[in-house]
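A.B. asks: Mind looking over this structure? Questions follow.
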Amino acid sequence: MLTYAISIQVNKKKLGAPRKYDGKFNSSDLSRLKFVKEIKPGVSLYTLVVWSCCLNCQMSLACISEVQANGKIKNALLFSTDIHLPPEQIVEYYQARFQIEFIFRDAKQFTGLSDCQARHLPRLDFHFNASLIALNLAKYELSSCLSFICQVVCVFYGLL
């Protein structure tokens, strides 16, 4: 559960401990978030420091808000425990993370990354390297074929 963090510890009540947060966080209400920039038309980046009750610490929140074709707003929430990290950097870290996850997913599905039965470290190292190299070569071949096909189509239609 996320809550709005209070930047200044003010005890509005006379009794009890000072408040740590100011209500539950609502991802559909962007009015309390600070607008950072528009990434591209229809996609905006917002930020806010929130309190995480589960981790018991403040977190930096980067919210990517996208207006879809049907008019609905779709929000993606990205978090970091480093509250001084800029929201643009949080987005870059998440983009890199997902690219790495896609590489491992493709390597497991198409080049047998998880199919090795060896137990010795040099053999495992060789298998992992061979699997990832095969994936990189396949992606390079695909990109070169696509660029060749695009060139052929452009020549055929007289665009070059």
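A.B. asks: Using a 7 Å offset from the Cα along the Cα-to-Cβ direction at both A69 and K139, what is the distance between the two label points in nm, to one decimal?
C.D. replies: 2.9 nm
A.B. asks: Continuing with the same structure: Can you work out the FRET efficiency for the pair S27 and K108, with r the C-beta to C-beta distance and R0 = 35 Å, to the nearest 0.05?
C.D. replies: In this case the efficiency is close to 0.65.
A.B. asks: If you stretched the chain out fully between T3 and L132, how much longer would it get, using 0.36 nm times the residue separation minus the C-alpha to C-alpha distance?
C.D. replies: 42.2 nm
A.B. asks: Counting only Cα atoms, I'd like the Rg/Rh figure for segment 109-153, Kirkwood definition for Rh.
C.D. replies: 1.24
A.B. asks: If one computes P(r) from the Cα atoms of segment 17-142, what percent of pairs lie at distances over 18 Å?
C.D. replies: Above the 18 Å cut-off, segment 17-142 has 67 percent of its Cα pairs.
A.B. asks: Say R0 is 22 Å: what FRET efficiency, to the nearest 0.05, do C57 and L15 get from their beta-carbon distance?
C.D. replies: 0.25
A.B. asks: With a 1.4 Å probe and every protein chain kept in, tell me what percent of the accessible surface of the chain is carbon plus sulfur.
C.D. replies: Solvent-exposed carbon and sulfur of the chain make up 60 percent of the total.
A.B. asks: What net charge do the residues around Y94 carry, taking every other residue with its C-beta under 14 Å from that of Y94, with Lys and Arg at +1 and Asp and Glu at -1?
C.D. replies: Neighbour charge sum, excluding Y94 itself: -3.
A.B. asks: Starting from the residue with the highest accessible area, list K34, K139 in decreasing order, probe 1.4 Å.
C.D. replies: K34, K139
A.B. asks: When Lys and Arg each count +1 and Asp and Glu each count -1, what net charge do the other residues less than 14 Å away from S65, Cβ to Cβ, add up to?
C.D. replies: +3
A.B. asks: Same structure, new question: With r defined as the distance between the Cβ atoms of L77 and H120 and R0 fixed at 41 Å, what FRET efficiency is calculated, to the nearest 0.05?
C.D. replies: Between L77 and H120 the formula returns 0.40.
A.B. asks: Where does segment 59-118 land on the Kirkwood hydrodynamic radius, alpha-carbon pairs, in angstrom?
C.D. replies: In segment 59-118 this quantity evaluates to 14.1 Å.
A.B. asks: Can you check what the net charge comes to around L135, using other residues whose Cβ is under 13 Å from the Cβ of L135 (Lys, Arg +1; Asp, Glu -1)?
C.D. replies: +1
The values are calculated or read from the model by the stated rules, or taken from the named source; none is laboratory data. Just so it is clear, the model here is predicted, and its values are computed rather than measured. In this analysis, Cβ positions are derived from the backbone assuming ideal geometry, glycine residues included, and neighbour counts consider all displayed protein chains. Each accessible area value is taken on the protein alone, full model and side chains, heavy atoms only, with ligands, DNA and RNA left out. Shrake-Rupley method; radii C 1.70, N 1.55, O 1.52, S 1.80 Å.
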